[in-house]
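Here the structure comes first, spelled out in C-alpha cells, and everything after it is commentary.
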Amino acid sequence: MRAGAADAVTTVFETVAAALTEAGVAPHHRLCCALSGGVDSVTLLDALDTLRAHFGFTLEAAHIHHGLDPAASDWQDFCTGLCQRRAITLHTFRVDIARSHPDGLEAAARAARHAALARVACDWLALGHHRDDQAETVLFRLLRGAGVQGAAAMGMIEAPQARARAGRLRPLLHIGRETILAHARARGLAWVDDPGNTDPRFSRNDLRHRLLPAIETAFPAARATLARAATHFREAAGLLDELAEIDAAACGGGPDESNDNVFERAALLGLSQARLANLLRRELRRRGSLPPPAARLSEAMRQLRTVEGPLLLPLGEQLVCHSYRGRVWLAPAQEAAPRAITWQPQTGRLAWAGGEIHCRRVTGAGVAAAALERAGACRFTARAPGLRLRLPGRPLKSFKSLCQESGIPAWLRERLPVLEADGQAAWIGGLGVDAGFACAPGQAGWALEWLPGARGNQGSGSRNQEP
C-alpha cells in the first residue's frame with residue numbers, strides 16, 4: 001500500500017473513531033448505516049464494521065430502493081451481498097416517489113428516503129455525507145436564500161431527540177471525497193455508481209459539476225472554505241437557539257422536551273420582530289417541522305400583533321399556531337372527529353380526532369358504571385345540534401356556553417368527544433360528566449379523559465373539569 005493510500009485509510013478510521021467517541025457510542029448502542037451502495041456509504045460501512053469490535057456496538061444497514069433507475073434492483077442486490085459477506089443485517093425499503101412534489105423529484109426522493117430510514121429501530125443512524133457534500137449544501141442553501149439555520153447545513157453529530165427519534169451521525173463530514181476514494185481503493189472495496197449523480201437536470205448535480213468547479217478556478221479551496229463556513233453558521237445557530245430558550249422561558253414556555261409550550265401572548269408581542277420569528281422557528285424545529293416560507297411567517301406574526309380575537313394560523317408542515325384568550329401555542333393540524341365509535345365499557349385508549357380518550361375504572365368518580373350498564377348502547381360521537389349538559393351542582397347549559405366558560409376555542413369544539421348512553425349525553429371531553437350520570441361516593445365509575453394531540457390545545461382550564 002502506497003504512503004498516500006495508507007494515510008487515507010488511517011484518516012478515515014481515525015476520523016470515524018473520533019466521531020463515535022465524541023457521540024458517546026457505547027456497547028449497548030445499535031447503529032444503522034444508510035447504505036446506497038455508492039463509494040461514500042460503502043466506505044462508511046467498512047469503517048464502522050472495522051471499528052465495531054473496539055466500540056462494541058451492534059451494526060446494521062438500511063437500503064432504499066427508489067425505483068428511479070432501471071439498475072435500482074441491481075444496487076439492492078449489491079448491498080444485500082455486501083452485508084451478507086460481512087454478517088450485517090440489512091433492512092431494505094421500496095418507496096414510491098411523488099413525481100408531483102412541489103419542490104421537484106430530488107426533494108420527493110429525499111423525503112421518501114428520510115421517511116423510510118425513520119422506520120429503522122436504532123440509536124444512531126450513520127450517514128455517509130462528506131466535506132464536499134457539506135460545501136455543496138451550504139452553497140445550494142445560500143443561493144436559495146437560507147438563513148443562519150439553513151446555512152449551518154449538516155451537523156456531524158445530532159443527538160437523539162425526544163419521541164424516539166434516533167440520533168444522526170455523519171463521521172465523514174470533515175473528509176474530502178478524494179480521501180474517501182483513496183481509502184476505498186486501498187481497501188479493495190467495490191461500489192456502484194448512480195448515473196443520476198451526474199444528471200445535469202438536477203440542480204445539485206449542476207452545482208456540483210459545473211458551478212463549483214468554475215468557482216474553484218478563482219478560489220481553489222472553495223469546498224473546504226464553504227464547509228468551514230458551515231461550522232461558523234452552526235455556532236451562530238446555536239446562539240440563536242439559546243436566545244430562543246431565554247425568550248420562551250420569559251414568555252411562559254420554558255425549555256423542555258414535551259413539545260407542549262404555551263406562551264403568554266402579551267409577552268410574545270413584547271419581543272422584537274426578529275426575536276419573535278426566531279422563537280417561532282425554534283418551536284417548529286422542536287416538533288420536527290421545517291420553517292414556513294418567510295411570507296407566511298411574517299403574515300402570522302402580523303395577525304398575532306393586530307388581530308385581537310381568536311386565531312388559527314397554518315404554520316409549518318402540518319402544524320398550526322393557536323391564539324386564544326391571551327395564550328399562544330403550536331399544535332398539529334386538526335383531524336376531523338369520526339362519526340361514532342361504539343363503546344363496550346372497558347379500560348384502554350381510543351383514538352379520536354388526532355388525540356386519545358383514556359378510559360379507566362375508578363371508585364366514587366367519573367361516569368356511574370351502573371348507569372352505563374343499564375343503557376342499551378354506549379358510543380362516543382361528535383356533538384349534535386342542541387347539545388346541552390348539566391354539570392354537577394350547576395344549571396343546565398348549552399354546549400357553546402360550557403365551552404366558552406372552559407376556554408375552549410370555537411375551532412376545537414368540533415373535535416370534543418361526547419359519550420352518549422341511549423342517545424343521552426353522559427360526558428363531554430374537556431367539560432365533564434352530566435349530573436344525571438355522575439358516580440356516587442363509594443360506587444363504581446368510569447374516569448374518562450380526552451387528551452388532544454398536544455397539551456394546552458383546549459385552552460385554559462379545560463382539563464381541570466375532567467373527572
I'm told residue 193 meets every condition in (1) over 30 Å from residue 9 (Cβ atoms); (2) assigned to a loop (DSSP other than H, G, I, E, B); (3) at pLDDT below 90 except one. Can you identify the failing condition by its number?
(1)
Just one listed residue, out of 408, 428, is open to solvent by less than 20 Å² (accessible area, probe 1.4 Å), touching a Gly at 6+ places or on another chain (Cβ under 9 Å) and of a type outside the set (Gly, Ala, Ser), and it is 408
For the range 328-352, which residues satisfy the criterion of being among the hydrophobic types (A, V, I, L, M, F, W, C) and surrounded by 14 or more Cβ atoms within 10 Å (Cβ to Cβ)?
328, 329, 330, 331, 333, 337, 341, 343, 350, 352
Residues of the range 326-352 being touching a Pro at 6+ places or on another chain (Cβ under 8 Å) and not in a strand (DSSP E or B), in sequence order, are 333, 337
Which of the residues that make up the range 376-391 are under 24 Å from residue 346 (Cα atoms), touching a helix residue (DSSP H, G or I) at 6+ places or on another chain (Cβ under 7 Å) and open to solvent by 60 Å² or more (accessible area, probe 1.4 Å)?
383
Residue 278 passes all but one of the listed conditions (1) open to solvent by less than 20 Å² (accessible area, probe 1.4 Å); (2) assigned to a loop (DSSP other than H, G, I, E, B); the exception is number (2)
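Can residue 186 be described as in contact with a Lys or Arg (Cβ under 6 Å, 6 or more places away or on another chain) and of a type in the set (Gly, Ala, Ser)?
On the way: in contact with a Lys or Arg (Cβ under 6 Å, 6 or more places away or on another chain): no; of a type in the set (Gly, Ala, Ser): yes.
Criteria not met by residue 186.
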Do any residues in the range 378-398 that are over 17 Å from residue 415 (Cβ atoms) and in contact (Cβ under 8 Å) with a residue 40 or more places away in the chain have Cβ atoms under 9 Å from those of residues that are aliphatic (A, V, I, L, M) and open to solvent by 50 Å² or more (accessible area, probe 1.4 Å), where the two are at least six apart or on different chains, and which pairs are they?
390/396
State which residue is least open to solvent (accessible area, probe 1.4 Å) when the search covers only the range 211-257 and only residues that are closer than 20 Å to residue 178 by Cβ and polar (S, T, N, Q).
225
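Given the options 177, 119, 144, 113, name the one that is of a type in the set (Lys, Arg), in contact with an Asp or Glu (Cβ under 6 Å, 6 or more places away or on another chain) and over 15 Å from residue 231 (Cβ atoms).
177
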Within the range 388-413, the residues that are hydrophobic (A, V, I, L, M, F, W, C), closer than 25 Å to residue 311 by Cα and not in a helix (DSSP H, G or I) are 408
If you go through the range 406-421, how many residues are farther than 26 Å from residue 376 by Cα and either in contact with a strand residue (DSSP E or B) (Cβ under 6 Å, 6 or more places away or on another chain) or free of Cβ contacts under 8 Å to residues at least 24 places away in the same chain (or both)?
2
What single numbered condition from (1) modelled with pLDDT of 85 or more; (2) open to solvent by less than 50 Å² (accessible area, probe 1.4 Å) fails to hold for residue 143?
(2)
Could you list all residues from the range 326-349 that are free of Cβ contacts under 8 Å to residues at least 60 places away in the same chain and either within 19 Å of residue 426 (Cα to Cα) or in contact with a Cys (Cβ under 9 Å, 6 or more places away or on another chain) (or both)?
338, 339, 340, 341, 342, 344, 346, 347, 348, 349
Filter the range 295-325 down to the residues that are open to solvent by less than 70 Å² (accessible area, probe 1.4 Å), assigned to a helix (DSSP H, G or I) and either under 16 Å from residue 429 (Cα atoms) or of a type in the set (Gly, Ala, Ser) (or both) and list them by number.
298, 300
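The values are calculated or read from the model by the stated rules, or taken from the named source; none is laboratory data. What you see is a predicted model, and the numbers here were worked out from it, not measured in a lab. When we count neighbours, we look across all protein chains shown, and the Cβ atoms used for this are built from the backbone with ideal geometry, even at glycine. Side chains included, ligands, DNA and RNA excluded: accessible areas come from the protein's heavy atoms. Shrake-Rupley method; radii C 1.70, N 1.55, O 1.52, S 1.80 Å.
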